[in-house]
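The values are calculated or read from the model by the stated rules, or taken from the named source; none is laboratory data. Since this is a predicted model, take the numbers as computed values, not measurements. Ideal geometry is used to build each Cβ from the backbone, glycine not excepted, and the neighbour counts take in all protein chains shown.
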């Protein structure tokens with residue numbers, strides 16, 4: 001996520017959300033009407049996930065009267081969300097958009113997306129409370145959760161076997177293994193600390209017990225610099241200072257090279273990694289193994305999430321009923337979820353589909369680990385997330401990239417960077433009209 005893009009969206013959010021209470025005080029109740037003419041409805045859908053066209057094709061084949069046209073956005077993450085906010089007033093947004101959980105509050109506050117309760121009904125019978133909390137605000141539902149993305153430790157089993165190591169089960173073991181790997185071969189690292197992925201750090205903080213935002217009535221509490229987050233930052237500061245982890249950020253050309261050539265022999269990532277690894281480390285198929293994320297206390301199965309998304313119906317849609325029908329089919333029906341598993345390698349949020357037969361076959365890149373999805377199901381049971389994502393998480397994320405990037409470059413405390421994140425987030429929320437403590 002480019003810093004300039006995040007600053008831009010921060011300014012846009014600031015203007016639109018000034019009159020907000022918590023979130024939904026400035027959300028609209030609908031956008032357009034459903035078709036009753038009996039003609040074919042064509043829905044526009046924006047999504048960047050690889051393999052999504054095959055899912056759309058299956059829907060189109062089964063639903064000749066509601067056709068979906070998929071478009072890949074010019075940018076992902078907040079680059080897309082910025083565009084959605086900008087285009088909302090012009091009425092040019094797609095009917096349906098992919099949106100990550102942490103970004104949904106900002107789109108609600110800016111009236112970009114609408115509640116779909118009328119169309120999808122009660123979802124509580126098929127989704128956990130923690131998952132629904134990612135898409136429900138003040139009693140309204142803004143999407144059907146698509147996936148659960150527990151954080152996972154991936155490692156190169158061939159290299160670990162050659163070093164006589166097994167996957168670490170605690171963060172203390174991870175640190176010890178990091179030192180052993182460096183001692184055996186100074187060109188190799190157990191993994192990296194990335195200043196490019198605030199969602200990555202947020203997931204690690206969740207595992208440690210952090211809760212960055214809370215909302216009660218129209219008042220927010222912000223605690224990004226809490227003890228749990230500082231614990232995580234101090235831990236990684238120690239590894240960085242020892243030189244036993246790489247400071248190379250995820251998704252850079254050099255990081256891709258290091259992942260592919262064995263310089264990086266581990267990756268603290270999330271459930272979706274097998275969908276990304278073919279483009280990151282194309283020569284290493286069948287060499288990676290997934291293991292539970294190391295725990296702070298031996299035997300604790302708590303993990304945070306990194307990523308996860310829903311599909312939301314926009315306020316610009318002239319066919320919200322049909323759009324919501326497509327969203328519900330994709331994320332909760334047997335056929336839709338089966339297609340997502342096969343083509344996008346998701347682990348579904350839908351509880352009834354977490355035992356789908358398609359989950360018995362691992363993702364192609366992980367063909368050496370037949371129990372991959374079984375492991376994901378086990379890890380999903382220990383997921384812990386924030387109670388709510390803040391309405392300006394984009395500002396928080398921008399501040400992370402800046403503050404942690406500077407800390408790595410200047411070799412200063414990562415925990416101190418949390419103070420910058422706290423200050424930036426609170427200052428922005430107050431500026432745009434929210435009541436904030438913390």
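Just a few scattered comments:
- The listed residues are 244, 232, and the only one of them that is without any contact (Cβ under 8 Å) to a residue 60 or more places away in the chain and surrounded by 20 or more Cβ atoms within 10 Å (Cβ to Cβ) turns out to be 232.
- Taken residue by residue, the range 122-134 has no member that is over 22 Å from the mean Cα position of the chain (by Cα), buried (at least 19 other Cβ atoms within 10 Å of the Cβ) and part of a helix (DSSP H, G or I).
- Residue in the range 381-395 that is assigned to a helix (DSSP H, G or I), at pLDDT 95 or above and surrounded by 23 or more Cβ atoms within 10 Å (Cβ to Cβ) present: no
- Of note, residue 398 satisfies the criterion of being in contact (Cβ under 8 Å) with a residue 24 or more places away in the chain, in a helix (DSSP H, G or I) and over 25 Å from residue 50 (Cβ atoms).
- Filtered by the rule that a residue be closer than 17 Å to residue 146 by Cα and either in the same structural domain as residue 40 (by TED's automatic domain parsing) or free of Cβ contacts under 8 Å to residues at least 24 places away in the same chain (or both), the range 355-380 gives 355, 356, 358, 359.
- When residue 151 is tested against (1) buried (at least 20 other Cβ atoms within 10 Å of the Cβ); (2) more than 18 Å from residue 382 (Cβ to Cβ), just one condition goes unmet, and that condition is (2).
- The residue that is farthest from the chain's Cα centre (by Cα), counting only those in the range 190-219 that are assigned to a strand (DSSP E or B) and modelled with pLDDT of 95 or more, is 192.
- Residue 426 falls short on exactly one of the conditions (1) in contact (Cβ under 8 Å) with a residue 24 or more places away in the chain; (2) closer than 30 Å to residue 351 by Cα, and that condition is (2).
- For the range 165-189, the set of residues classified as in a loop (DSSP other than H, G, I, E, B) and within 26 Å of the chain's Cα centre (by Cα) consists of 167, 168, 169, listed by residue number.
- Taking first residues from the range 330-349 that are at positive phi and partners that are assigned to a helix (DSSP H, G or I), the Cβ contacts under 8 Å between residues at least 6 apart in sequence or on separate chains come to 345/274; 345/275.
- Tally of residues being in contact (Cβ under 8 Å) with a residue 24 or more places away in the chain and under 23 Å from the mean Cα position of the chain (by Cα) across the range 401-414: 5
- Selection within the range 249-266 - surrounded by fewer than 23 Cβ atoms within 10 Å (Cβ to Cβ) and not in a helix (DSSP H, G or I): 249, 250, 251, 252, 262, 263
- Among the residues of the range 357-380, those identified as assigned to a loop (DSSP other than H, G, I, E, B) and either under 30 Å from residue 111 (Cβ atoms) or touching a helix residue (DSSP H, G or I) at 6+ places or on another chain (Cβ under 6 Å) (or both) are 362, 363.
- Single condition residue 141 does not satisfy, out of (1) out of contact with any strand residue (DSSP E or B) (no Cβ under 9 Å at 6 or more places or on another chain); (2) without any contact (Cβ under 8 Å) to a residue 60 or more places away in the chain; (3) closer than 24 Å to residue 306 by Cβ; (4) outside the structural domain of residue 336 (by TED's automatic domain parsing): (4)
- Within the range 313-322, one or more residues are more than 12 Å from residue 148 (Cβ to Cβ), part of a strand (DSSP E or B) and in the same structural domain as residue 84 (by TED's automatic domain parsing).
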